[in-house]
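These notes are about the structure you will find just below.
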Amino acid sequence: MDIKVLGPGCAKCKKTEEIVREAVAKAGVDAKVEKVTDILEIGKYGVFGTPAVVVDNEVKCVGKIPKKEDVESWLKK
Amino acid sequence: MEDCCAGGNEVMILACAGGSNVGQLSNQAAVELTGEGSGKLFCPAGIGARLSGCVQSAKDVPIVAVIDGCQVGCGRAILKQIELEPAAYVVLTEEGIEKNKELRLDPLQVEKTKDAVKRAVSSGAQAMTDRKVLSVGACDCGGACC
C-alpha cells in the first residue's frame, strides 16, 4: 500500500502525518508512508488545499486533519 | 514554513465558464473574487472527470459556490454527479443578465455577478453556522492549528 500525506509542513500537515503513521502501525499493514512537501508535486493531485491524504493514488481527504478511524478504514480496503 | 491552514480555502468557487457572455462572466467574477480573497477558483472539469483529488476536494470544503451562466445549469449538474448540492448558487440569467454570444465583458455586469455571489455565499455560510468546521476552521483540530 502506498500512502502519501500532502502538505508543505504546517501543524495540520504534521498532525495528519502523525495520525496516518499511527493508524498504519496499529493496523499492522504493509504500507509505505511518504510526506510530500513540494508544491509542484502536490499540484499533480488536483487538491483544493492541504493537508491531503492519498492512498494508492486515490485522494481520500482534503484540507483537514482526518480522523484516525477514517484512516483505519482506508487501510482495510 | 508555509501555513497551509491560512484562510481563503473555505469557499470553493466553481464557474461554468461556458461559451457565452454569462459563461465568461461567471469565470471572470470567479477570478476576481479569488484575487480579492472571497473564495478560491477551482476546476469543475476535474470534478466532471471524476478525478479523485478534485472530487474529494469538493466533498471536503466547507462551502461550494457554483456560478452558472444560464438555466442549463452545467455547474450544478457537475456537482450533482458526485451527489453534492452547492451551499451557494447563482444563475446569472436569473440576476437579470441576458445571455448572448458577446464575449467582451461588461465591467458593470462583472461587478453585479460578484455581488450576487457574495450574497449567496453569505447566505450559505449563515445556513451552515452550526457546522463545527466553520467555527474552528477547515479541519477537526478544534482550533489548534489556526
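Annotations
- With neighbours defined as other Cβ atoms within 10 Å of a residue's Cβ, the residues B:THR34, A:THR50 order from fewest to most as B:THR34, A:THR50.
- When B:LEU92, B:LEU41 are arranged by Cβ crowding within 10 Å, least crowded first, meaning fewest neighbours, the order is B:LEU41, B:LEU92.
- For A:ALA23, neighbours were defined as the other residues whose beta-carbon sits under 12 Å from its Cβ, and their charges (Lys and Arg +1, Asp and Glu -1) total 0.
- Ranking of A:MET1, B:MET12 by neighbouring Cβ atoms within 10 Å, starting from the fewest: A:MET1, B:MET12.
- Shape class of the stretch B:1-117 from the alpha-carbon gyration tensor: oblate, with a/c at 1.5 or above and b/c at least as large as a/b.
- Shape category assigned to chain A from the gyration tensor of Cα positions, a/c cut at 1.5: prolate
- Tensor-based shape of the protein assembly as shown (alpha-carbon gyration tensor, a/c under 1.5 rounded, otherwise prolate or oblate): prolate
- Between 0 and 90°, nearest 10: helix A:11-27 axis offset from chain A longest Cα axis: 20
- Trypsin sites (Lys or Arg not before Pro) lying in DSSP loop within the stretch B:88-117, provided at most 10 other Cβ fall within 10 Å: B:LYS101, B:ARG104
- Over the protein assembly as shown, dividing the summed -39,500 (n - 2.57) contributions of all DSSP H runs of at least 4 residues by the number of residues returns a 222 nm mean residue ellipticity of -12500 deg cm²/dmol.
- Beta bridge orientation in the protein assembly as shown: antiparallel %, DSSP, nearest 5: 35
- The stretch B:56-90-the stretch A:1-33 distance, computed between alpha-carbon centres (Å): 30
Each reported figure results from applying straightforward, stated rules to the coordinates on display, with no laboratory input. It should be emphasised that the depicted structure is a prediction, and the values quoted were computed from it without experimental measurement. Reconstructed Cβ throughout: ideal geometry from the backbone, glycine too, with neighbour counts over all protein chains shown.
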